[in-house]
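Written out below as structure tokens is the structure these notes cover.
A short reminder: the numbers here are calculations on the coordinates, not readings from a lab. Here the structure is a predicted model, which means the values were calculated and not measured. Every residue, glycine as well, gets a Cβ built from its backbone with ideal geometry; the counts of neighbours run over all protein chains shown.
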Amino acid sequence: ANAVTADYTQNTSGAYPVRVPTADSGGRSVLTARPDVVGTTVSSGQSFNFTLPDDTFTHTNPNSVVSLSARQANGQPLPSWIRFDSQSGSISGTPPAGIRGNISIQVQARDRYGNEVSTILKLNLGQGSAADTRGPRTDA
């Protein structure tokens, strides 16, 4: 089994610290990602802050430097009201009042060896009562 320890890669130059699994990788540098991060429901007009779980990305090399980036899963930049902190893995913002639908955010991790992996986080926007059917929609 690939047990995960509480060891983390170095957090240098603003890099994102990732967990280091105890399983032997045969000396290879392997960067992995959870397939999809559980999403969250966000109310229109209200601020939110979601931090990626600390086991979202793992790396077999404890000295690896991992950088994160985020965009919409369809390749478009994040909407102006969403902020992504690549050092903490935090996504925050305030959706405009009346917006509803879903936004899928692709978070990509890249190490200094050129290995890249990604995961998807889905934000469910304006999901409330069944009577809340008005307002602009966004689907990514």
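Things worth noting here:
- Extension reserve of the SER90-ILE120 stretch, reckoned as 0.36 nm per residue once the Cα distance is removed: 9.4 nm
- Each principal axis of the Cα cloud of the stretch 40-90 was taken in turn, and the coordinate range along them, longest first, works out to 41, 21, 16 Å.
- Spin-label model distance (nm) - ARG110 vs ASN63, 7 Å beyond Cα toward Cβ: 2.3 nm
- PHE48 paired with GLN76, simple spin-label distance in nm, labels 7 Å along Cα-to-beta-carbon: 1.7 nm
- Once the chain from ASN102 to ARG83 is taken as fully extended at 0.36 nm per residue, the excess over their C-alpha distance is 5.2 nm.
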